[in-house]
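Here the structure is laid out as structure tokens; the discussion comes afterwards.
The values are calculated or read from the model by the stated rules, or taken from the named source; none is laboratory data. Just so it is clear, the structure is predicted and the values come from calculations on it, not from any experiment. Cβ placement follows ideal geometry from the backbone for every residue including glycine, while neighbour counts extend to all protein chains displayed.
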Number of protein chains: 2
Amino acid sequence: MAKDDGKKAKKAKADKKNGGKKDKAKAAAAAPVKAAPAVSPLAPEGGFPALPAIAGVRLSAVEAGVRYKGRLDVMLAEIDAGASVAGVFTRSLTRSAPVHWCEEIIAREAEGTAPKGKYGILVNSGNSNAFTGSNGRIGVETTAASAAAAIGTRPGKVFVASTGVIGEPLPAERITAKMDELAAGLSPEKMEFAARAIMTTDTFPKGCTRMVEIDGTPVTISGFAKGSGMIAPDMATMLVFIFTDACIAQPVLQKILSARNAATFNCITVDGDTSTSDSLVLAATNKAKMAPITSATSAAGKAFSDALGEVMLDLAQQVVRDGEGATKFVSVSVTGAKSTAAARTIGLAIANSPLVKTALAGEDPNWGRIVMAVGKSGQAADRDKLTIRFGDTVVAENGWVSPAYREEDGAAYMKRAEIDIHVDVGVGSGAATVWTCDLTHRYIEINADYRS
Amino acid sequence: MAKDDGKKAKKAKADKKNGGKKDKAKAAAAAPVKAAPAVSPLAPEGGFPALPAIAGVRLSAVEAGVRYKGRLDVMLAEIDAGASVAGVFTRSLTRSAPVHWCEEIIAREAEGTAPKGKYGILVNSGNSNAFTGSNGRIGVETTAASAAAAIGTRPGKVFVASTGVIGEPLPAERITAKMDELAAGLSPEKMEFAARAIMTTDTFPKGCTRMVEIDGTPVTISGFAKGSGMIAPDMATMLVFIFTDACIAQPVLQKILSARNAATFNCITVDGDTSTSDSLVLAATNKAKMAPITSATSAAGKAFSDALGEVMLDLAQQVVRDGEGATKFVSVSVTGAKSTAAARTIGLAIANSPLVKTALAGEDPNWGRIVMAVGKSGQAADRDKLTIRFGDTVVAENGWVSPAYREEDGAAYMKRAEIDIHVDVGVGSGAATVWTCDLTHRYIEINADYRS
């Protein structure tokens, strides 16, 4: 049912666009790009994975018509009292009212000043409640209060996230009107429904799960994400919700989350534009029959962190695989930098360069543009020690094209859907990998030719 | 003659592309974008301006076949001994051998350790001599020595600039073979020939001149620039040469140049990618019958600086007007920032945002994306005091859409070819303006669909 709903919504939206913008639709039909794929060609095979339920977590999703009709667009999660909850959020200075609200909740949890009780997570798609002045806060408080009443907790325990059009008042009443239905539908088995309800123009829902044994006890981590599809006038938004039954105190959970975030969601880019709404909430229900993890550096802490990192990396890469217009999934690994941070900055300079991204779209092994991007990053690099590889093929070394490199080999490599670029900048031992996609005509179409 | 040459070269290149890439040419023919304009729709009216000769400066240009056939591709300037010469260059850490060479010359001029004598400027298009290992320096030294011999000066007085394909050895012999012809053709009247010789895929040559009276003496400033057309696998490169008969010492000239550069060439962006070759050389021949300018802050220094700033701004804006695929010339003015630098950073975050640039291409008054770009800039901004104007139309104020704003007004404004975006971020008195263009299908075509 959820699947059909998703397709219907997409169809309805396409019809609406064609009706309103006939000329543009015609022009698009004549375009040299392929018809917009129903699902990104880079989507993981096998579709949405079966996500095991997490003890202490129940989910629900409804059609509330916040902006879209005929599809799931509001989800609610209920998490038992006694959980530890951590979060990371966009650093945008124009971030939305829901982001500020969630940051306040996490601050109280971290300080230990939070009231006890259940937690809620309420998410809508279709309206981001961003740049909506004082009405933004009112919308958050109204919906959080409604969700709190429905599940029996305090408003200050309910995380709120919104994604969609910005600058328009949140139609909070459409969400509160559905709160009883949402609460009545809560079930541990509804992970995929929830994942679908938070989509905007994502072409597929994104989920991932891992099981890890800690001191002989199986611990499960299941999560889902949305991003970075886009409908004008929206901006790329990313929302991620991860649940686990692990026993772990909030400060340790937050520490592990922040560390893993630096190497996963903070290492992906589609177009270098930062959302006002990016939010990741991680809830550990403390239900597993295990000794609590009290330190990030203990064996148990590391095992949990590794498994969490795998879930986060998988979800982050799925976001890139659904990047607007993407036809290539690109990994950029930088070594030999002054530090990890420097390597990441160089990697992102390459991954965000329009010239590199258009070369990838054109299947052009244009390594000169990679040299350019390294040079503009502002980070130390030795031009005359620079090494560039495409996969295993050494393209450039010692400040010039490799004597063994043949352009045909680079050209053949670029035809792959998955591209690995390795750059060694020759000044230190800092290393980082970032992930991105190419910049295609379809990106321009999505973001310039149409407006919904 | 120069004009015909330029057209022939473009035609020859187009023919070559069509021959080699029939399928892509066909696909492009069916594209929804208009056929590539021979000249950018944003080019200044009236064509290349008549640039007055500068006493003490002679120029020449020839067809050397460095990469292109049948067009001017090498220029030489000869500047009388006794001139003051200043320069600014790309800060790329992978900058080319010619850039390093020019920086060394300027360092000696600034220190006062340079030998006396004439100056030369030798520029080729078609090969950037960038990322060419130790051969890069050899190419520079060979051509500089050849030019020095031809005009009777030392190699260390000859600035060298190269623009074009990177990673290929400079065919220095093609340039030195033409040196006698270049020297024989030197004339004060050949500014436009020189401007055409340094073009790569520029659609028009860029020149500007100003006359300013200083203490009753007319002083002339004439200059020309190339950028930011591009042929794969090149990157956007910008070369600028400005000449004046003003009397001014080198340290003062350099100080004024650097200050003006910060608000002109360092405030433009087409795609946020930084060239390995950007170079600006400014020569003052000290021939005007005036008291020398000894300080940037004197009345004479200010008058000269203002006139120079006008020439630099005009040339910088012409580079944007020739940006790849540009259909909109966009000015982004930021006020209310913590500092001038903060305002410029915010302006560039807006001007480089793919989402803002695609919205401009789609004539979509998508102010939400401007809010996003302000937020990601990392500079202080008060979300709830943010004001955004399109021209005179107030779009957003006090953290939300303006009550008086009508979407139709914004949509009508966006149909203009010249767009003014004003943003006040409400935290201080820092102000800056930057200039950019939109991001269109043609940009993708130029940089992804073709490779020469």
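Residues in segment B:115-125 that are touching a strand residue (DSSP E or B) at 6+ places or on another chain (Cβ under 9 Å) and either assigned to a loop (DSSP other than H, G, I, E, B) or not small (Gly, Ala, Ser) (or both): B:LYS118, B:TYR119, B:ILE121, B:LEU122, B:VAL123, B:ASN124. A:VAL33 passes every criterion in (1) in contact with a helix residue (DSSP H, G or I) (Cβ under 7 Å, 6 or more places away or on another chain); (2) modelled with pLDDT of 85 or more; (3) assigned to a loop (DSSP other than H, G, I, E, B) apart from (2). Checking segment B:341-354 against the condition returns no match, with no residue being outside the structural domain of B:GLN317 (by TED's automatic domain parsing), surrounded by fewer than 19 Cβ atoms within 10 Å (Cβ to Cβ) and assigned to a strand (DSSP E or B). Counting only helices (runs of 4 or more DSSP H) that sit wholly inside segment A:147-204, not one has at least 1 residues that are within 14 Å of another protein chain (Cβ to nearest Cβ) and touching a Ser or Thr at 6+ places or on another chain (Cβ under 6 Å). Does A:VAL219 satisfy the condition of being touching a residue at least 60 places away in the same chain (Cβ under 8 Å), out of contact with any Gly (no Cβ under 9 Å at 6 or more places or on another chain) and either crowded, with 24+ Cβ neighbours inside 10 Å or not β-branched (Val, Ile, Thr) (or both)? Against the criterion (touching a residue at least 60 places away in the same chain (Cβ under 8 Å), out of contact with any Gly (no Cβ under 9 Å at 6 or more places or on another chain) and either crowded, with 24+ Cβ neighbours inside 10 Å or not β-branched (Val, Ile, Thr) (or both)), A:VAL219 qualifies.
State whether the residues of segment A:126-134 include one that is assigned to a loop (DSSP other than H, G, I, E, B), of a type in the set (Gly, Ala, Ser) and buried (at least 17 other Cβ atoms within 10 Å of the Cβ). For segment A:126-134, residues assigned to a loop (DSSP other than H, G, I, E, B), of a type in the set (Gly, Ala, Ser) and buried (at least 17 other Cβ atoms within 10 Å of the Cβ): present. Scanning segment A:368-381 for residues that are at the interface with chain B (Cβ under 7 Å from one of its Cβ atoms) and of a type outside the set (Gly, Ala, Ser), which turns out nearest to A:TYR443 (Cα to Cα)? This residue is A:ARG369. For segment A:328-355, the candidate set comprises residues that are within 14 Å of another protein chain (Cβ to nearest Cβ) and among the polar types (S, T, N, Q); within that set, the residue that is farthest from A:THR436 (Cα to Cα) is A:THR345. Within segment A:96-129, the set of residues being under 20 Å from A:LEU76 (Cα atoms) and hydrophobic (A, V, I, L, M, F, W, C) comprises A:ALA97, A:VAL99, A:TRP101, A:CYS102, A:ILE105, A:ILE106, A:ILE121, A:LEU122, A:VAL123. Being closer than 29 Å to B:ALA107 by Cβ and more than 23 Å from the chain's Cα centre (by Cα) is the filter here; which residues of segment B:174-199 pass it? Result: B:ILE175, B:THR176, B:MET179, B:LEU182, B:ALA183, B:LEU186. Restricting B:ALA361, B:ALA342 to residues that are touching a Phe, Trp or Tyr at 6+ places or on another chain (Cβ under 9 Å) and either closer than 18 Å to A:LEU93 by Cα or in contact (Cβ under 8 Å) with a residue 24 or more places away in the chain (or both) narrows the list to B:ALA361.
Looking only at segment B:263-281, decide whether some residue is over 30 Å from A:ARG369 (Cβ atoms), part of a loop (DSSP other than H, G, I, E, B) and not β-branched (Val, Ile, Thr). Among the residues of segment B:263-281, not one is over 30 Å from A:ARG369 (Cβ atoms), part of a loop (DSSP other than H, G, I, E, B) and not β-branched (Val, Ile, Thr), which makes the answer no.
Restricting attention to segment B:420-438, does a residue exist that is of a type outside the set (Val, Ile, Thr), within 9 Å of chain A (Cβ to nearest Cβ) and touching a Ser or Thr at 6+ places or on another chain (Cβ under 7 Å)? Checking segment B:420-438: at least one residue is of a type outside the set (Val, Ile, Thr), within 9 Å of chain A (Cβ to nearest Cβ) and touching a Ser or Thr at 6+ places or on another chain (Cβ under 7 Å). Checking the structure you have, find out if any residue of segment A:64-73 is crowded, with 23+ Cβ neighbours inside 10 Å, among the acidic types (Asp, Glu) and touching a residue at least 40 places away in the same chain (Cβ under 8 Å). The answer is yes, given that some residue of segment A:64-73 is crowded, with 23+ Cβ neighbours inside 10 Å, among the acidic types (Asp, Glu) and touching a residue at least 40 places away in the same chain (Cβ under 8 Å).
Among the candidates A:PHE304, A:PHE329, the residue that is among the aromatic types (Phe, Trp, Tyr) and within 29 Å of A:SER402 (Cα to Cα) is uniquely A:PHE329. If I filter segment B:440-447 for residues that are at the interface with chain A (Cβ under 7 Å from one of its Cβ atoms) and in contact with a Leu (Cβ under 8 Å, 6 or more places away or on another chain), do I get at least one hit? Yes, segment B:440-447 contains a residue that is at the interface with chain A (Cβ under 7 Å from one of its Cβ atoms) and in contact with a Leu (Cβ under 8 Å, 6 or more places away or on another chain).
Does A:THR90 satisfy the condition of being within 14 Å of chain B (Cβ to nearest Cβ) and touching a Phe, Trp or Tyr at 6+ places or on another chain (Cβ under 7 Å)? When the stated conditions are applied, A:THR90 does not pass them.
If only residues of segment A:202-216 that are modelled with pLDDT of 90 or more and surrounded by 23 or more Cβ atoms within 10 Å (Cβ to Cβ) are counted, the one that is nearest to B:TRP367 (Cα to Cα) is A:PRO205.
Being free of Cβ contacts under 8 Å to residues at least 40 places away in the same chain and not basic (Lys, Arg) is the requirement here; does A:THR163 meet it? No: the conditions fail for A:THR163. Within segment B:141-183, being among the charged types (D, E, K, R), within 23 Å of B:ALA195 (Cα to Cα) and at pLDDT below 95 holds for no residue.
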